[in-house]
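K.L.:
Here it is: the structure, laid out below.
Each reported figure results from applying straightforward, stated rules to the coordinates on display, with no laboratory input. These numbers were taken from a predicted model, which means no experiment stands behind them. We place every Cβ from the backbone using ideal geometry, glycine too, and count neighbours over all the protein chains shown.
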Amino acid sequence: MLAYGERLAGLLVGTAVGDSLGLPAEGLSRQRLQRRWPGPWRHRLGFGWGMISDDTEHALFVAQAFLTHPDSPSDFQRSLAWKLRWWLLSLPAGIGYATLRAILKLWLGFPPHRGGVRSAGNGPAMRSAILGACLARQPDKLRDFVRASTVLTHTDPKAGTAALAVALAAASAIEGSNGKLLENLQGLQADDEWRKIVERLAAGLATRQTVAEFADGLGLRNGVSGYSYHTVPVALYAWLRHPDDFRAAMESALNCGGDTDSVGAIVGALAGATLGKEAIPAEWRSGIVEWPQSLALLETIAGRLASMRTSGVSLGPVRYCWLGVLPRNAVFILIVLGHGLRRLLPPY
């Protein structure tokens, strides 16, 4: 059986792998994606290499805030709020509109619990898996921390439901048991749309639908949208459909097109927590070129989280050269702009 630290490392590294694989394809329809890049998935951001985006960065910030304040959701929320404020000053590319507005509110002096804006986007869901993993055995505390993370940027209850669904799935993955997951997901929200989604999840798994067929059933033939009730169900289904195969889970989700970096990040987190870091294809791990927020940093953070669970005391965040993020982002923006220009050319 995998050790807790190995699962945490799998979760964070898996997040980075899914994010970096999906990033170059973000926003492409399923059809155009398959015409442009047929065959197996590999890193394509630049010369066969990959880089992370906000999906991984937010997971890192949540982990660091939790290392600092593992017992108080409000203190955790304040710490995360400051991380997001400074992150915005580093000029990140591809920041979500709702998250941008929320961080601007924070800089204008709004308290963290009133920073969120009305949106059902993916921001909270893409960063909540690590909370589920850290608080898998404390369900009430898990809900409090996920809510604190969610309302910091998004106030629509659907964003909260999706974020909590990812956290509960990660908790199941960490504990090595998905037996009651669908039942727990069904009880999350008295909202007909969510209940129908969970029913679709159960029916699709029972009839062994492919991930593409499941996405089609949600009306996502042209790609998975950034709506959390689209992204999260597809990610959950890909993971549950291929529980023992990281590559199959990841590729089946990415092949759906659309918001591929967020879908990939969530699938990577859940599959990585289930199977551990070593189950992630080596070429996908070694293909990520990052500094200072490297895979080595993510693994160090995972190790410290595991140690904190054993010791029961706050160990504080892992230090790294955060000043290096600004020049890194300058290079990243140029690469992203290059990809945007390339999309003006065929194949369409």
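K.L.:
How many residues are assigned to a helix (DSSP H, G or I), among the small types (Gly, Ala, Ser) and in contact with a Gly (Cβ under 9 Å, 6 or more places away or on another chain) if we restrict to region 268-305?
P.N.:
Let us first name the residues in region 268-305 that are assigned to a helix (DSSP H, G or I), namely 268-275, 277-279, 282-286, 295-305.
Subset that is among the small types (Gly, Ala, Ser): 268-269, 271-273, 279, 282, 286, 296, 302-303.
Now drop any that are not in contact with a Gly (Cβ under 9 Å, 6 or more places away or on another chain), which leaves 268-269, 271-273, 279, 302-303.
Total satisfying the criteria: 8.
K.L.:
In region 204-227, what residues are of a type in the set (Phe, Trp, Tyr) and assigned to a helix (DSSP H, G or I)?
P.N.:
In the first step, residues of region 204-227 are kept if they are of a type in the set (Phe, Trp, Tyr); the result is 214, 227.
Once the filter is applied, which keeps residues that are of a type in the set (Phe, Trp, Tyr) and assigned to a helix (DSSP H, G or I), region 204-227 yields only PHE214.
The rows are residues; the columns are (1) closer than 20 Å to TYR4 by Cα; (2) aromatic (Phe, Trp, Tyr); (3) without any contact (Cβ under 8 Å) to a residue 60 or more places away in the chain.
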| position | (1), (2), (3) |
| --- | --- |
| ALA273 | yes, no, no |
| ALA279 | yes, no, no |
| TRP284 | no, yes, no |
| ILE288 | no, no, no |
| GLU299 | yes, no, no |
| ALA306 | yes, no, no |
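K.L.:
Could you tell me which of the residues LEU218, LEU236, LEU201 is out of contact with any strand residue (DSSP E or B) (no Cβ under 6 Å at 6 or more places or on another chain) and crowded, with 24+ Cβ neighbours inside 10 Å?
P.N.:
Going through LEU218, LEU236, LEU201 in turn, just one is out of contact with any strand residue (DSSP E or B) (no Cβ under 6 Å at 6 or more places or on another chain) and crowded, with 24+ Cβ neighbours inside 10 Å: LEU236.
K.L.:
Turning to a different aspect of this structure: Within region 186-197, work out how many residues are of a type outside the set (Asp, Glu), assigned to a helix (DSSP H, G or I), out of contact with any Pro (no Cβ under 7 Å at 6 or more places or on another chain) and in contact (Cβ under 8 Å) with a residue 24 or more places away in the chain.
P.N.:
Going through region 186-197 one residue at a time, the tally reaches 1.
K.L.:
Something else about it: In region 19-44, how many are outside any helix (DSSP H, G or I) and either among the basic types (Lys, Arg) or closer than 22 Å to SER225 by Cβ (or both)?
P.N.:
Looking only at region 19-44, we keep the residues that are outside any helix (DSSP H, G or I), and these are 26-29, 37-44.
Restricting the remaining residues to those that are either among the basic types (Lys, Arg) or closer than 22 Å to SER225 by Cβ (or both) gives 26-29, 37, 41-42, 44.
Here the count works out to 8.
K.L.:
Another question, then. Please find, within region 236-261, the residue that is farthest from the chain's Cα centre (by Cα) out of those that are among the polar types (S, T, N, Q) and under 23 Å from ASP54 (Cβ atoms).
P.N.:
Residue satisfying both the conditions and the ranking: ASN255.
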